[in-house]
Amino acid sequence: LKDGVIAVRSPVLASTLSVKQDKDITFGAKVWVAVRPEKIDIVKQSPKGCVGVGGDAGAGTVNTAEGIIEELTYLGDLSIYHVRILDTSEGMIKVAVPNLERKTAQPFTWGDSVMVRWAEDAGVVLES
């Protein structure tokens, strides 16, 4: 725990997870990091950079993962994206994005390459 932030290595994600935490965690302890789907930002991967929707999770490689949209669900005021994390067969992240504008086309579709990211204060550390 440094400055109220804990660093967590994930067996599923290539990036380090950084979570604001007010409770001491024993170094080396087995923990889980939970992030609500609506707290995750999703951006399209493109040659010129990223174009995103959702929250403002900031930039960098902490709390990020690259993936492919494997499934999506339109629920009227909300779209749910299931993103298969690259370089792992286990990793799936669910992202919830509010549909704030009337559009006929979704900003993302099946098979799109995307990056998911979230802020340090979006996650919660759970101990075993």
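The values are calculated or read from the model by the stated rules, or taken from the named source; none is laboratory data. Given the structure is predicted, the values throughout are model-derived calculations rather than measurements. Using ideal geometry, Cβ is built from the backbone for each residue, glycine included, and neighbour counts are taken over all protein chains shown.
If I go through the range 19-45 residue by residue, how many of them are within 12 Å of the chain's Cα centre (by Cα), of a type outside the set (V, I, T) and part of a strand (DSSP E or B)?
So the answer is 2.
Among the residues of the range 107-124, is any more than 13 Å from R36 (Cα to Cα), part of a loop (DSSP other than H, G, I, E, B) and among the aliphatic types (A, V, I, L, M)?
No; the residues of the range 107-124 include none that is more than 13 Å from R36 (Cα to Cα), part of a loop (DSSP other than H, G, I, E, B) and among the aliphatic types (A, V, I, L, M).
Being of a type in the set (D, E, K, R), buried (at least 17 other Cβ atoms within 10 Å of the Cβ), touching a strand residue (DSSP E or B) at 6+ places or on another chain (Cβ under 6 Å) and modelled with pLDDT of 90 or more: is that true of E70 here?
no
Could you grab the pairs with beta carbons closer than 6 Å, sequence gap of 6+ or different chains, first residue in the range 21-48 and modelled with pLDDT of 90 or more, second one among the basic types (K, R)?
Filtered contacts from the range 21-48: P37/K94; D41/R117.
Identify, from the list V83, V8, V51, V95, the residue that is at pLDDT below 80, assigned to a strand (DSSP E or B) and β-branched (V, I, T).
The match here is V51.
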